[in-house]
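Engineer: One structure is given below, represented as structure tokens, and several questions about it will come after.
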Amino acid sequence: MQSLKVLLAVIFFSLFSFKSFAQIPLSEKAEVSLLTCGSGNELYSVFGHTAIRVFDPANNINTVYNFGTFDFNTPNFYLKFVKGDLQYFVSVASYADFIYEYKYYGRDVYEQVLNLNLNQKQQIADELNGILFSDKKYYSYKFINRNCTTMVADIIDKQVKISLENSDKGKTYREIIYTYLADNHFYENLGINLLFGYKTDYTSEKLFLPKELMEGVSNTTTSNGPLAKSTFTIVEKTEITSGSSFLNSYYSYAILVIILLVLTIKRVGYLSYLVIAGLFGILFCFVSLYSSHNELLLNYNILLFNPLFIIITTVALSNRKKPLKWLSFGSIALIIIYTALIINKPHFVIMLPLIILNSAALLRTIKHLKANP
């Protein structure tokens, strides 16, 4: 959720200047605060960002720890990302540099100074420094279970149990993610819902997004009062939210599906489409088995994009009518089961055109079978 630019800009600072005060005890004036950055227009920034700040004017410390750094030039970057072993790492920046970047991109930044005693602040600072200068600085990124927000939340949680009360409480992981992508990222939303499996339909049990953690901290009370003394707006959003694009919307998607429906009227059209849909099914199977991301497991979209479609096409071309009949009706039955599974889920509306398209291709296969007994 944060680019490598931060690391490159402060590498000298992090290796030399920062290390020199890593062991300095914090003063009574020290503060530890949660920084929450708002959404941006790009997909990687849609969900916002979380960082943690240690400020001690007595020791001239004003440092931001960022758990969202990665190297885009990592060999096999996309395969590692899909598999779930892409290494993210902790970097540091001066507070001024961190804020400057968000001002430059016009994204809002909120700060919550945490109501902690000196011992708790020292323990957080020591843990952050211990992570930064050890192998623990690297971690395998997981979209829900291990990201820049959860890593910070875990550190604070060791000192004060953070409340799970937030505006997303009671929603499933899929519902929460869908909300962030619904407006200006239609095809990204479609792709994510095609890849995400059944586990994302579980009710959320953790604070895994920046806004959720900010709300959780706001709703946490300690023996000394509220955990967050107050919420300050450090940077106000100036980035203009990109408007809804026709090319990236339900409208262009519906037109595309209608065109495919017309093309699949002919036998060569629906058989070609079934091959493509079957290949997508194989892809979903591979990703579900290959990846260690929990959210990609148990992908029931395989019922809609069934690898059996390729076999149906092969059987249809060889004119073996009996197995073709059973395979086609069986695939339609699986689509009916799939529809029943998602009819009460947020992505049902965007999956409906694909349900219609795949069903139409199969029904045309059966119709051709009956017309040529």
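Engineer: Within region 207-251, can you find the residues that are open to solvent by 20 Å² or more (accessible area, probe 1.4 Å), part of a helix (DSSP H, G or I), under 22 Å from L181 (Cβ atoms) and not aromatic (F, W, Y)?
Structural biologist: K211, M214, E215
Engineer: Considering only residues that are open to solvent by 50 Å² or more (accessible area, probe 1.4 Å) and in a loop (DSSP other than H, G, I, E, B), which ones fall in region 153-177?
Structural biologist: K158, K161, L164, E165, S167, K169, G170, K171
Engineer: Can you name every residue in region 134-152 that is aromatic (F, W, Y) and exposed (fewer than 15 other Cβ atoms within 10 Å of the Cβ)?
Structural biologist: Y138 - this is the single residue of region 134-152 that is aromatic (F, W, Y) and exposed (fewer than 15 other Cβ atoms within 10 Å of the Cβ).
Engineer: Oh, and also: Select from region 26-70 the residues that are open to solvent by 10 Å² or more (accessible area, probe 1.4 Å) and among the aromatic types (F, W, Y) and write down the one among them that is modelled with the lowest pLDDT.
Structural biologist: Looking at the filtered set, the residue picked out is Y44.
Engineer: Among the residues of region 182-216 satisfying the criterion of being of a type in the set (A, V, I, L, M) and touching a Phe, Trp or Tyr at 6+ places or on another chain (Cβ under 9 Å), which is nearest to S249 (Cα to Cα)?
Structural biologist: Per the stated criteria, the residue is L190.
Engineer: Can you tell me which residue within region 197-206, out of those that are modelled with pLDDT under 95 and not hydroxyl-bearing (S, T, Y), is most open to solvent (accessible area, probe 1.4 Å)?
Structural biologist: Looking at the filtered set, the residue picked out is E205.
Engineer: Let me ask something else about it. Quick one: A277 ticks every box in (1) closer than 23 Å to F348 by Cβ; (2) free of Cβ contacts under 8 Å to residues at least 12 places away in the same chain; (3) hydrophobic (A, V, I, L, M, F, W, C) bar one, so which box is it?
Structural biologist: Status for A277: all satisfied but (2).
Engineer: Can I ask one more? Tally up the residues in region 101-126 that are part of a helix (DSSP H, G or I) and either out of contact with any strand residue (DSSP E or B) (no Cβ under 7 Å at 6 or more places or on another chain) or surrounded by fewer than 19 Cβ atoms within 10 Å (Cβ to Cβ) (or both), please.
Structural biologist: 10
Engineer: Somewhere in region 264-282, is a residue open to solvent by 60 Å² or more (accessible area, probe 1.4 Å), farther than 24 Å from I192 by Cβ and of a type in the set (F, W, Y)?
Structural biologist: Within region 264-282 (the criterion being open to solvent by 60 Å² or more (accessible area, probe 1.4 Å), farther than 24 Å from I192 by Cβ and of a type in the set (F, W, Y)), the answer is no, since none of the residues qualifies.
Engineer: Restricting region 178-195 to residues that are in contact with a Pro (Cβ under 9 Å, 6 or more places away or on another chain) and assigned to a helix (DSSP H, G or I), which is surrounded by the fewest Cβ atoms within 10 Å (Cβ to Cβ)?
Structural biologist: First, the residues of region 178-195 that are in contact with a Pro (Cβ under 9 Å, 6 or more places away or on another chain): 178-179, 182, 193.
Narrowing further to those that are assigned to a helix (DSSP H, G or I): 178-179, 193.
Working: Y178: 20, T179: 13, N193: 21.
If we take residues in region 178-195 being in contact with a Pro (Cβ under 9 Å, 6 or more places away or on another chain) and assigned to a helix (DSSP H, G or I), then T179 is surrounded by the fewest Cβ atoms within 10 Å (Cβ to Cβ).
Engineer: Here's a check for you: in region 80-95, which residue that is open to solvent by 10 Å² or more (accessible area, probe 1.4 Å) and at pLDDT below 85 is nearest to I124 (Cα to Cα)?
Structural biologist: The extreme case among them is D85.
Engineer: Now a separate question. Which one of P323, P373 is open to solvent by 40 Å² or more (accessible area, probe 1.4 Å), at pLDDT below 95 and assigned to a helix (DSSP H, G or I)?
Structural biologist: Of P323, P373, the one residue that is open to solvent by 40 Å² or more (accessible area, probe 1.4 Å), at pLDDT below 95 and assigned to a helix (DSSP H, G or I) is P323.
Engineer: Could you grab the pairs with beta carbons closer than 8 Å, sequence gap of 6+ or different chains, first residue in region 95-123 and in contact (Cβ under 8 Å) with a residue 24 or more places away in the chain, second one assigned to a helix (DSSP H, G or I) and open to solvent by 40 Å² or more (accessible area, probe 1.4 Å)?
Structural biologist: Hits for this filter: D97/A9; E101/K5; Q112/S218.
Engineer: Also, I was wondering about something else. From F77, F98, grab the single residue that is closer than 22 Å to T149 by Cα, among the hydrophobic types (A, V, I, L, M, F, W, C), modelled with pLDDT of 85 or more and open to solvent by less than 30 Å² (accessible area, probe 1.4 Å). Walk me through how you get there before you give the answer.
Structural biologist: Details: F77 fails: modelled with pLDDT of 85 or more.
From the options F77, F98, the qualifying one is F98.
Engineer: Do you know which residues across region 286-301 are open to solvent by 40 Å² or more (accessible area, probe 1.4 Å) and either more than 18 Å from S140 (Cβ to Cβ) or not hydroxyl-bearing (S, T, Y) (or both)?
Structural biologist: F286, L289, N294, L297, L298
The values are calculated or read from the model by the stated rules, or taken from the named source; none is laboratory data. In this text, all values refer to a predicted model and were calculated from it rather than measured experimentally. In this analysis, Cβ positions are derived from the backbone assuming ideal geometry, glycine residues included, and neighbour counts consider all displayed protein chains. Ligands, DNA and RNA are stripped out before the accessible areas are found, and what is left, the full protein with its side chains, is counted by its heavy atoms. Shrake-Rupley method; radii C 1.70, N 1.55, O 1.52, S 1.80 Å.
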